[in-house]
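Note sheet for the following structure.
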Amino acid sequence: MKGFRETSLADRQETAAKARAAQLEKARAVARANQEGAAERQAARLKLAAEREQRAAERKVEKLAREAREKEERAAAEIARVEAEKIAAVTRAKELAERAEREKALEAERKAARDARYASRKARQK
């Protein structure tokens, strides 16, 4: 057995130290790759979160604008309703005034007719 060589304790410790160093270097390389990937993933997550917040803000702005438009439309409808009521009240007041005027004229005609009948009856009695 010519090629057989028994390794000494120092050789085995040296080999083990080299293996540990290789494993440590391999782990550090994976950690660096993971850190680079983690930074990219973190950046992607932050970008998505910012986009979500932006969409939420846009929806809130749209909601507030829609509510403002609805309030404005309700206010315009209320103003139109009040104006219509005002016009109706004025028209009704004019109609009542005209009716009162007609009643007054009719009453004057009736009084004149009654007075004429009274005068003619007095004239016949004389």
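Checking the condition without any contact (Cβ under 8 Å) to a residue 12 or more places away in the chain and under 52 Å from the mean Cα position of the chain (by Cα), which residue from 95, 109, 101 passes?
Result: 95 is the single residue among 95, 109, 101 that is without any contact (Cβ under 8 Å) to a residue 12 or more places away in the chain and under 52 Å from the mean Cα position of the chain (by Cα).
Which residues, counting only those in region 1-48, are assigned to a helix (DSSP H, G or I) and among the β-branched types (Val, Ile, Thr)?
Answer for region 1-48, where residues must be assigned to a helix (DSSP H, G or I) and among the β-branched types (Val, Ile, Thr): 15, 30.
Mind listing whichever residues of region 1-29 are surrounded by 10 or more Cβ atoms within 10 Å (Cβ to Cβ) and among the hydrophobic types (A, V, I, L, M, F, W, C)?
16, 17, 19, 21, 22, 24, 27, 29
Values in this text are rule-based calculations from the coordinates and carry no lab data. Since we're looking at a predicted model, the values are computed, not measured. Positions of Cβ are backbone-derived with ideal geometry, glycine not excepted, and every protein chain shown enters the neighbour counts.
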